[in-house]
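Input: a single structure, listed below in structure tokens.
No lab work stands behind these numbers, since they all come straight from the coordinates. Predicted model, so just to flag it, every value in this text is computed and none were measured. Note that each Cβ is placed from the backbone with ideal geometry, even for glycine, and that neighbours are counted across all protein chains shown.
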Amino acid sequence: MKAWSDKIRKIEPYVPGEQSKNKNIIKLNANENPYPPSPKVIKALKEITDKQLSLYPNSNAESLVEALANYHSVQPEQVFVGNGSDDVLALCFMAFFNSKKPILFPDITYSFYPVWCKLFNIQYKEIPVDENFKINPSDYYTENGGIIIPNPNAPTGISEGKDFIKNILNNNKDCIVIIDEAYVDFGGYSCIELLKEYDNLVVVQTFSKSRSLAGMRIGTAISSKELISILNAVKNCYNSYTVDAVAMQCGIASVNDNEYFKSVISKIKATRERVSKEFAKIGFNVYPSHSNFIFVTKPDINAKNLFEALKNEGIFIRYFNIPRIDNHIRITIGTDEQMDILIKAVKKYIN
Ligand code: PMP
């Protein structure tokens, strides 16, 4: 024990999907996009000027905020951008979850939520999803300090529609409801349209998945003007410049290339449907996914052993040693070639 040990923070961090120095691995463990970002993003990157690097960026990322407001048909005052959606979500937890009552989220969900609760001393209650990993909206009709639900949920990939979100909102008018739409572009229902009806709704999205920009770190929150101004105030108490000039310029280029965006998404969706069928054919239970990953299990196969065996073959997938899902694996949808190699390796393993 060091003399200062009792004065410093002790906390267990979130552990992201493993990154490898080996460039030859097939990386299907962090829900990254296997396709490059739009060529317009690469062009924007090359056009960065000396001044953009030597001067501070606009602290509220106004140009990117405007592009996003235009894209989502909302007012710029309703849009916030941050350094990846993890940054945006952490700021939302700080800004909106300030009650003595516990916030609610599903027990099977993005495992960063309890970590932020512990970091910011927020009380929380995990609500069990049912035996098919579905969220029951009426479980959320109780007193609470706020709600966060990913839609589609992670790591299950299961998504809910408009009625589900409206039911949650109608029964929770006195707290903030955050819907984490990290994977929504792959076929889920986006509740941005509901912002017209509900001023306590916050929708969080990311450029990391559907826009192939995980390395650039851009996330966004879209909400009422009032909540966005509070989010900006909290951000400005912590770090004025969370979005750098390069990310801003590249982000705008991405938002403005809708054709490329749609083509990448349709390729991933087609691969997802094909791979889901292939896994079902070899006896896996595949949860219906509206995201860029599938969540699967095969009762007679030990998921952790399969995960290790694939890793030895240079194929990285995600295994969670978490109760209820410790015999499941989550597989990011890669290119068709990558998925063919994966399927071959899985077949070899189960035979
Ligand atoms: N929400 C969910 C549900 C996620 O799975 C992730 C990715 N780990 C994020 C948010 C954060 O993504 P990013 O910080 O790259 O935007």
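Side notes on the structure shown:
- Net +/- balance of residues flanking Pro150 in space, Cβ distance below 9 Å, scoring K and R +1, D and E -1: -2
- Charge tally in the Cβ shell below 14 Å around Asn58, where Lys, Arg are +1 and Asp, Glu are -1, Asn58 excluded: -1
- Ranked Asp50, Asp244, criterion: other C-beta atoms within 10 Å, fewest first: Asp50, Asp244
- With neighbour counts taken as other beta-carbon atoms within 10 Å, the residues Cys250, Cys237, Cys175 rank, fewest first, as Cys237, Cys175, Cys250.
- Gap separating the Cα centres of segment 90-136 and segment 1-57, nearest whole Å: 24 Å
- Ranked by how many other Cβ atoms sit within 10 Å of their own Cβ, fewest first, the residues Arg217, Arg272 fall in the order Arg217, Arg272.
- Most simply put, segment 40-256 has about 40% antiparallel DSSP beta bridges, counting only bridges with both residues inside it.
- When both segment 331-351 and segment 214-253 are represented by their alpha-carbon centers, they are found 37 Å apart.
- Dipole magnitude (debye, nearest 20) for the chain, charges at Cβ of Lys, Arg, Asp, Glu: 920 debye
- Other residues whose C-beta falls under 12 angstrom from the C-beta of Tyr113 contribute a net charge of -2, scoring Lys and Arg +1 and Asp and Glu -1.
- Per-selection metrics, segment 40-256 (Cα): Rg and Dmax in Å: 17.1, 56
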